[in-house]
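The values are calculated or read from the model by the stated rules, or taken from the named source; none is laboratory data. It should be emphasised that the depicted structure is a prediction, and the values quoted were computed from it without experimental measurement. Backbone-built Cβ (ideal geometry, glycine too); neighbour counts: all protein chains shown.
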Amino acid sequence: MFLSSGGYASSPVEKLLDQLEGKPVEEPFQGVIGLKQFMDEDDFLAELRADNVRLIDYLAQEETLQELITCSLEKPEIPDDADEDAKARLKFKYPHIASEVLSAEQAKITNGLVNNTSMMMRLFDLLDSEDGIDPIQAKNFAKVVVCLLRIKNAETMEAILQRQNFMIGILRNANAAPITDIIVRILDNPETERPFSTIVEPPSSEAVQLLAESEILVGLGNLCIATIEEGSSLSDDEEERLRYERIENSSLVMVDLTRRVLQLSQAHYTMPENLNIFSNPGTIGRIMDTALDGDLSDPIVRIGLIHVLNVFIELLTTELNFCSPSRPKNEDEQQEMNSIIRAMTASRPRSTPVGSSPLPSPKSVSSTNREQLLSTFMLERELKNRIPRLLKILQGKSYIPPLQTTAGVIEQPLGSLKLKLVELFVAALKMGGEDLQGAMSDLDVPNLLLDLFFTYEWGSILHQIIASAILTALDPEEFTNTFIQKTWLRTYLVKQLMATYKKYLGKKETDEHYRNGFLGHIVLITTKVEEFLSNFDYRPNKVEYLREDVLDEFEVFCEEHLVAEKERTSKVMQQMSGFSVRILAGRASDFSS
């Protein structure tokens, strides 16, 4: 409704409604009034959201709902002689508005959908489309289904369960991210009387049963494996894009589904074992094996390996999997939690190099001594068995062409696959258990990471990942794992830090080109090592972490270079701070004038 000086004036939508009811109107629409005439009006959605009763009654009619589904989900027939404006309306405007109506959370409209089985089946027919689903159809379909799951959960789940092969249809269209997102949204809790509560509500039993019986994690894994085995489509760019998206969406849903399982576990809700990837990591192990057995010069195989590595990283590091050990649990809760989260088994003590003193076992990952909600032991075992093959890739040839930089040509660029491997190994060193960390130490992974760090002086992302791992490990307030602290310091890290800094000093004196960002990481790590060692009052304690001859050299280095570097950095920061103050003062004076 629009308010004028003389009272209420009919809006264009009201005029169309009046004309439909046979009431006299000024300047009536010439022709048959249908849904598209309403959607052409700028105030159409505003009137709907303002609870215009007459409009809602019109839209809730079965004939109109059928037309809304058609408009929202079916590809429009566009006449050859249509102008650009008409084409845009048919292709973009009408489908968007129709989906907004169907997901408007208006009771009459949603009831008209969920209480009509044939209409719900027609909605789901999109999943069986032989022509595939385009991005607009996928977005609109997901918008409507997610809305119905939220406000009419029981009725929507009943319709989904009646639809044969609903989950197969979802997986068939996994190249569309909005479609695969429905898998996770099925586990959203039904709307309750506590919409703003922080309490995690469980999903419906029907939703859990649907995902469990459909073996959704296995299905997602099989989809990734089949796509990787297909490899690249050299003759069809569109098919190539779909394969990329299929792998990406499937792997992301695995992670999102696991996060949802973790949220429910925090609320002491037990999920079926086949929906818990921590207990059944074999699926992602099979995906990794498929990629490792494939031809890594094939972009699809590489992208498959990158995404499964990312799944491992996310599952090892997600904050949702950590809780305080002081979290209160009664006996029943403890028994329930134990049934799903403690699959840990005792491991054989790791052997140590001949002639060296045994290293202490890893302790908790941080000083807060947080517990894992779901044990990553089985996941880590899957990774541990494949570390040698992954290291061969990290040390092998690059799969991308030489890269030109301002400092010259990099003949063997790192590339996204090797960078993801670095990220995985860093995550495992930080968050892994004793077996995994011990295996990586035995295979000299920390030194291999340092080789990359000091070789690729232009790898800013690489430097950030590795430097962050070292800085975290040497921060006593954040990290209490002495095994990993000694592992990093017993590499050639300290000697290479000193050598690299001196090399860069020589470049500065001759005005030779060098990278300030790389030098900044060198100084930052060196400072952290010096601070870490300063926590020990007695030299024998320091020698436990750093060989005595290296410690002597490092102490001299700090006196000669690090003190001056700290002073220079402090001056630069003060200058930058003063510069910022002057800028702010100048802006303030501009405003005051």
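A compact table of results
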quantity: Test for S416: is it among the hydroxyl-bearing types (S, T, Y), surrounded by 15 or more Cβ atoms within 10 Å (Cβ to Cβ) and in a helix (DSSP H, G or I); calculated: no
quantity: Filter pass, Q485 being polar (S, T, N, Q) and surrounded by fewer than 16 Cβ atoms within 10 Å (Cβ to Cβ); calculated: no
quantity: Residue within segment 512-531 that is part of a loop (DSSP other than H, G, I, E, B), in the same structural domain as E567 (by TED's automatic domain parsing) and within 25 Å of E423 (Cα to Cα) present; calculated: yes
quantity: Extreme residue, farthest from V218 (Cα to Cα), among residues of segment 158-182 that are among the charged types (D, E, K, R) and within 25 Å of the chain's Cα centre (by Cα); calculated: D181
quantity: Scan of segment 44-84 for residues that are acidic (D, E) and surrounded by 16 or more Cβ atoms within 10 Å (Cβ to Cβ), ordered by number; calculated: E47, E67
quantity: Some residue of segment 74-81 being under 39 Å from the mean Cα position of the chain (by Cα) and assigned to a helix (DSSP H, G or I); calculated: no
quantity: Test set (1) under 22 Å from K143 (Cβ atoms); (2) out of contact with any helix residue (DSSP H, G or I) (no Cβ under 6 Å at 6 or more places or on another chain); (3) of a type in the set (G, A, S) - G31 fails condition number; calculated: (1)
quantity: Residue list for segment 446-464, filter: surrounded by fewer than 22 Cβ atoms within 10 Å (Cβ to Cβ) and either touching a strand residue (DSSP E or B) at 6+ places or on another chain (Cβ under 6 Å) or under 22 Å from T376 (Cα atoms) (or both); calculated: W458
quantity: Qualifying residue in segment 516-528 (condition: in contact with an Asp or Glu (Cβ under 8 Å, 6 or more places away or on another chain) and either of a type in the set (A, V, I, L, M) or at pLDDT below 75 (or both)); calculated: yes
quantity: Any chance F483 is among the aromatic types (F, W, Y), modelled with pLDDT of 90 or more and assigned to a helix (DSSP H, G or I); calculated: yes
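Every residue, every condition in (1) touching a Lys or Arg at 6+ places or on another chain (Cβ under 7 Å); (2) farther than 23 Å from L417 by Cα; (3) polar (S, T, N, Q), yes or no:
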{"residue": "Q266", "(1), (2), (3)": "no, yes, yes"}
{"residue": "M271", "(1), (2), (3)": "no, yes, no"}
{"residue": "I277", "(1), (2), (3)": "no, yes, no"}
{"residue": "G294", "(1), (2), (3)": "no, no, no"}
{"residue": "I300", "(1), (2), (3)": "yes, no, no"}
{"residue": "L316", "(1), (2), (3)": "no, no, no"}
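So that you can scan it fast, the table gives a plain yes or no per residue for (1) closer than 27 Å to I300 by Cβ; (2) more than 26 Å from the chain's Cα centre (by Cα); (3) not β-branched (V, I, T):
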site	(1), (2), (3)
K392	yes, yes, yes
I410	yes, yes, no
P413	yes, no, yes
A427	yes, no, yes
L462	yes, no, yes
A467	no, no, yes
